[in-house]
Each structure stands twice: as structure tokens, then as C-alpha cells.
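Just below is one structure, and these are the notes that go with it.
The values are calculated or read from the model by the stated rules, or taken from the named source; none is laboratory data. Everything numeric in this text was worked out from a predicted model, so none of it was measured. When we count neighbours, we look across all protein chains shown, and the Cβ atoms used for this are built from the backbone with ideal geometry, even at glycine. When the accessible area is computed, the model is the full protein with side chains, heavy atoms only, and any ligands, DNA or RNA have been set aside. Shrake-Rupley method; radii C 1.70, N 1.55, O 1.52, S 1.80 Å.
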Amino acid sequence: MNKKYWKYSVIIFLGGVLTLSFFYWWWKSCWNILEKNISWNSMEPLIFSWDKLSLNIGYYNCHDLERGDLIAYDFANSWELYIKILYGFPWDKIFFKNSKLFINNKVLINSIWKEYVFSKEEEKLISLYIFNWLLKKWSYLIFWDNISNSSDSRKFWWIWKKDIVGKFYFK
């Protein structure tokens, strides 16, 4: 083989290896699937204790967040993952009326069409991150399916996007 062509062959080979390495890294960062058995009933009626879910860690490295997604949330960097539903996004119009939360002029409802109910204390806590009726930049609101009492944005306010580590799917 001619030395001139040999150099081009090596360059093409190395370029192919780098390209494949990049796509492998990208695929692994976006599609890291874990199987999870649900052992608690906090998300009933949407998810029951016998349900099996898949968790795609890193899904949001390659995809946009969407309202209504079942997310894996890392509370206080503990790596104890919580399952929540993503409802509020930065710059959403947020207000309370008759103990009900409205997001973009729609009342917040759970999976069986029941309205969430908020105490005055919960309203005050969530209102700390609302300015001129808008949810502040970088803020997200998450809730469980339990409409009257749960550990979600009612108890620990809003969350950062960096704390959302993946997306849950039904198997």
C-alpha cells in the first residue's frame, strides 16, 4: 500500500473510532434504564404498590422536560430518589383561588381529575417564588397524586432542574 494512502486510512479509522465513541457516550448518558418496584402508596391512585416502573436516569440530558412527566427527584442531594409529577415551569402564571392552585389559568388536578387543595401555609410557601404572578426563573413545581397532603412543593417549595435525575415509565 502506498504510504500516502496509508496515512489517510489511519485518519479515517481514527475518525470512525471517535465518532462511535461519541455516539456510545451519548446513548449511555440518555438511556440508562433501571427497573423499580414500587413499595409505597404515596402516588395512589396513579401508581399502586404492586406496579413496576422503569426509570431512565439521564433522560433529561437529551430531552426536554414536559408538564405531567413522572420524574425521579433527588431530594437534597441524598440520592434517595422520589417519584413526583412535574407541573410548574419557569415563567408559568401561578395564582391561588379558593385554596386551589391555578397554573396558566387551569386548576391543578390529579390523575383522576380531582383538584388539589392547599392550606393557607402551603399557599404562602409556594407564593414565595412567585413574582408578578409568574413562577421565578429556574423554578419547577412538583406534586404527588395525593391531592390534600403530600411531601412535594407544598413542603419544600420549588426545585431546580439539576435535581431531576430521570423519568419514570410504566412497564
Table column - 3J(HN,Hα) (Hz), segment 58-67, Karplus curve with 6.51, -1.76, 1.60, x for Gly and Pro | x, 3, 7, 5, 10, 10, 7, 5, 10, 4
Please list, in chain and number order, the residues 5+ apart from Ser150 or on another chain whose amide H is under 5 Å from its amide H, with Hs placed from the backbone.
-> none
Suppose R0 equals 25 Å; then what is the FRET efficiency for Lys52 and Lys114 from their Cβ-Cβ distance, rounded to the nearest 0.05?
-> 0.50
Read phi for every residue in segment 88-103 and hand back ³J(HN,Hα) as whole Hz from Karplus 6.51 cos²θ - 1.76 cosθ + 1.60, θ = phi - 60°, with x for Gly and Pro.
-> x, 10, x, 6, 5, 7, 10, 7, 10, 8, 6, 6, 10, 9, 10, 10
Rounded to the nearest 10 Å², what accessible area does Ile164 show when all protein chains are kept and the probe is 1.4 Å?
-> 20
Would you pull out the residues with amide H under 5 Å of Phe89's amide H, same chain only if 5 or more places away, H placed 1.01 Å from N?
-> Leu141
Contour minus Cα-Cα distance for Phe75 and Phe102 (0.36 nm per residue) = 7.2 nm
With all protein chains present and a 1.4 Å probe, the order of Trp91, Trp50 from largest accessible area down is Trp50, Trp91
Amide H to amide H under 5 Å from Leu134: which residues, 5+ apart in sequence or cross-chain, H placed 1.01 Å off N in plane?
-> Ile94
What shape does segment 98-138 have by the C-alpha gyration tensor, where a ≥ b ≥ c are the square roots of the eigenvalues, rounded means a/c under 1.5, and otherwise prolate means a/b greater than b/c and oblate the rest?
-> oblate
If you project the alpha carbons of segment 82-171 onto their three principal axes, what span does each projection cover, largest first, in Å?
-> 39, 28, 22
Might you work out the accessible area of Phe170 for me, using a 1.4 Å probe with all protein chains in place, and round it to the nearest 10 Å²?
-> 110
